[in-house]
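The values are calculated or read from the model by the stated rules, or taken from the named source; none is laboratory data. Source: prediction; values computed, not measured. Glycine gets a Cβ as well: all are built from the backbone with ideal geometry, and neighbour counts include every protein chain shown.
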Amino acid sequence: MSMAPTHGTTPEARPAFEAVRFEDDTGELCLVDQTLLPGEVRTIRLVEAAQVREAIYELRVRGAPAIGIAAAYGAYLGARRSAARDTAGIEGDFAAACALLRAARPTAVNLGWALQRMERRFQAEKDRPQSELLAALRREADGIRAEDEEVCRRIGENGLALLGRGWGLLTHCNAGALATARYGTALAPIYLGQERGYGFRVFADETRPLLQGARLTAWELHAAGVDVTVICDNMAATVMSQHRVQAVLVGCDRVAANGDTANKIGTLGVAIIARHYGIPFYVHAPLSTIDAACPDGSAIPIEERPEAEVTERWYRQRMTPPGVRAYNPAFDVTPHGLISAIVTERGVIVPPFGEGIKATLA
Ligand code: MRU
């Protein structure tokens, strides 16, 4: 298939695959099904908003920016597939698609952000002929995707400036090319460093329960020739205590106005350990992930997912005794006091974050 990664060190270390793309010829949204990685690289082709919602909920596409992009195309498909003949009918189908997509996952603010952009575009263009309205929606979704690629490239440049040659870096979850239009957020400095001979050694937390670190981060970094070692989540303290890590790089799903940050479950523990060992903890955030309307971390909605993801998914047999409950919050909140800097496309924000975020958004 066309998106198979290349192996070994390449001058262009940036990933060759595209996690989310829209195919003009067929009118299909093409996603790399991330539930099958690393064993199989399969593209799924979606033509309806309900299919996009299913792909987002099941984590076939995941990562805050990528689900925003997928949702934007899902909204476009909702209007494009409408059988209605008049604008009011199309508007109803479009609104229903947006509502369906918005409810798919609650924590990453990019999902609602991207849909809001699509809704505004719809309102601005709805008096035009149907073909022009659809073309405008398609352009908006394409724009969200293209902007994300550029944003990630800039985050990579800004993040790399904080790192030194030969450093050991610890990552949690996957905030790479699979989670964005290209490059990633937290992995973007690593790709740029790889191209420029920085010789990073990356420790990827496996990230229970869904193993985004082991399955996805390790897959895409290894494919790009980066020196990557997977560790179980409970080994992070050991590798930090052994002076193998000089910085922790993570992405995020929502940053509150005071800098509190939601990211994959386990991030909080990593931040606490990094603080204990005096290791800088860098959060990588496109401005689309900053929610200025959210005062602090306590207001961030945290997704709770099915128990079966903890008790049996990814394993051939049940891992816990039948009848025993499992608790499965998908994200946690790292208080701003544990964060050394927030790396955005517009620069690096340092404490006090409240002021820095306000200035950066302005
Ligand atoms: O549940 P997931 O896999 O969607 O969680 C993803 C993360 O927590 C990422 O770190 C975050 O979305 C940033 S992706 C650039």
Being among the β-branched types (Val, Ile, Thr), in contact (Cβ under 8 Å) with a residue 12 or more places away in the chain and under 17 Å from residue 59 (Cα atoms) narrows it down to one residue among 283, 310; which is it?
310
Subset of region 167-182 that is farther than 13 Å from residue 236 by Cβ and more than 8 Å from the ligand (Cβ to nearest atom) - its residue that is surrounded by the fewest Cβ atoms within 10 Å (Cβ to Cβ)
167
How many of the residues making up region 127-139 are assigned to a helix (DSSP H, G or I), touching a residue at least 24 places away in the same chain (Cβ under 8 Å) and surrounded by fewer than 20 Cβ atoms within 10 Å (Cβ to Cβ)?
2
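Filter region 53-94 for residues that are more than 27 Å from residue 285 (Cβ to Cβ) and of a type in the set (A, V, I, L, M, F, W, C); which is nearest to the ligand (Cβ to nearest atom)?
Among those that are more than 27 Å from residue 285 (Cβ to Cβ) and of a type in the set (A, V, I, L, M, F, W, C), it is 77.
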Subset of region 293-317 that is at pLDDT below 95 and more than 13 Å from residue 209 (Cα to Cα) - its residue that is farthest from the chain's Cα centre (by Cα):
317
Against the definition (assigned by TED's automatic domain parsing to the domain that holds residue 214 and away from the ligand (no atom under 16 Å from the Cβ)), how does residue 321 come out, yes or no?
yes
Kindly indicate whether any position in region 183-204 is modelled with pLDDT under 95, surrounded by 24 or more Cβ atoms within 10 Å (Cβ to Cβ) and either near the ligand (Cβ under 10 Å from one of its atoms) or over 25 Å from residue 307 (Cβ atoms) (or both).
yes
In region 22-52, how many residues are away from the ligand (no atom under 16 Å from the Cβ) and without any contact (Cβ under 8 Å) to a residue 40 or more places away in the chain?
14
Restricted to region 95-117, and to residues that are in contact with an Asp or Glu (Cβ under 7 Å, 6 or more places away or on another chain) and charged (D, E, K, R), which residue is nearest to the ligand (Cβ to nearest atom)?
105
Being part of a strand (DSSP E or B) and crowded, with 17+ Cβ neighbours inside 10 Å is the filter here; which residues of region 45-60 pass it?
46
Output for region 342-362, where each listed residue is crowded, with 22+ Cβ neighbours inside 10 Å and within 13 Å of residue 259 (Cβ to Cβ):
342, 343, 344, 349, 353, 357
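Please find, among 140, 132, 147, 125, the residue that is within 24 Å of residue 254 (Cα to Cα), of a type in the set (Asp, Glu), in the same structural domain as residue 75 (by TED's automatic domain parsing) and more than 16 Å from the ligand (Cβ to nearest atom). First the steps, then the outcome.
Values: 132 fails: within 24 Å of residue 254 (Cα to Cα); 147 fails: more than 16 Å from the ligand (Cβ to nearest atom); 125 fails: within 24 Å of residue 254 (Cα to Cα).
Exactly one residue qualifies, and that residue is 140.
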Counting only residues that are part of a loop (DSSP other than H, G, I, E, B) and either of a type in the set (Gly, Ala, Ser) or more than 20 Å from residue 149 (Cα to Cα) (or both), region 61-86 contains a total of 7
